[in-house]
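All of the numbers you see were taken from the coordinates with simple rules; none came from a lab. Being a predicted model, the structure only gives us computed values, none of them experimental. Here the Cβ is made from the backbone with ideal geometry for all residues, glycine too, and neighbour counts use every protein chain on show.
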Amino acid sequence: MSNDIDIDIEIEIRTCSLLATAEQVDHWRTFLTAAEQARADRYLFEKHRRRFIVGRAHLRHYLADYLAHPPAAITLHTHEHGKLFVDHPTLQFNLSHSHELAVFAFGHGGAIGIDVEHVRPLHHLAGMAKRFFTTAEQAELFAQAEADQVAYFFRLWTCKEAYLKALGTGLTRSSRSFTVTAAPVPQLVNDDHDAAAPQKWQFAAYALPDNYCGYVCRMS
């Protein structure tokens, strides 16, 4: 599935199911490098090995559309905190996966971060909110009707993850060092490290199957 969204500069969003038969996994595996195949083999559980192989092979196929190289010939590099990139003057991309779904964002120019989560019951919602959310985000979350709080938690969480991934830090940086809001539209409210950040970044939702939540974050 592919969905284009527009947040000033077009970003292409692609999604793929990570479900696959053994024969399909063997096929996708052929598009991985020897190092990636070895990494896959280190997973203890078949489902984790399958998800890595299918997701990485799809990433290579999508990148091949932009780079005009065979999927297996594309060299993927890793930033300090694990964000993937390729040698290209403008192409930016990011990926995320949850449960049996992977999502990919591609664009040219400013940095991109994308996150997806499988919406599921949270038995320690208040504790997780206190650990990962700012005081303002907690207040926003618990202002929602109780029946809506889990879904709202994931809206806030995927905004925050997308921003951290766009920055390239991931969770090596505290998720409480900045504040987002999910209503009426997702926005960065403030960032302790950069007072001008709210003017630099934009969020957008994208089409997802039921029981998934996600946002993409893009430098303006």
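If r is the Cβ-Cβ distance from His88 to Ala126 and R0 is 45 Å, what FRET efficiency results, to the nearest 0.05?
The value I calculate is 0.55.
When every alpha-carbon pair in the stretch 100-207 is counted, what percent end up more than 21 Å apart?
33
If Lys and Arg each add +1 and Asp and Glu each add -1, what is the summed charge of the other residues whose beta carbon sits under 15 Å from the beta carbon of His79?
+1
All other residues with a Cβ under 12 Å from the Cβ of Gln138 taken together, and with Lys, Arg as +1 and Asp, Glu as -1, what is their net charge?
Taking every Cβ under 12 Å from that of Gln138, the sum is +1.
Taking the square root of 5 times each eigenvalue of the Cα gyration tensor, what semi-axes in Å does the equivalent ellipsoid of the stretch 19-125 have, largest first?
23, 20, 12
Long-range amide H contacts for Tyr206: which residues qualify at under 5 Å (H placed 1.01 Å from N, peptide plane, sequence gap of 5 or more or a different chain)?
So Tyr206 has HN proximity to Gly214.
For each pair in Lys47/Lys83; Lys165/Lys200; Lys83/Lys160; Lys130/Lys200, compute the distance between the two Cα atoms and list the pairs where it is over 25 Å.
With Cα atoms farther than 25 Å apart: Lys130/Lys200.
Given the Cα atoms of the chain, and with Rh set as the inverse mean 1/r over their pairs in the Kirkwood sense, what is Rg to Rh to two decimals?
Rg/Rh for the chain comes to 0.97.
To the nearest 500 deg cm²/dmol, what mean residue ellipticity at 222 nm is calculated for the chain from DSSP H runs of n ≥ 4 alone, each contributing -39,500 (n - 2.57), summed and divided by the residues?
So the calculated ellipticity at 222 nm is -10500 deg cm²/dmol.
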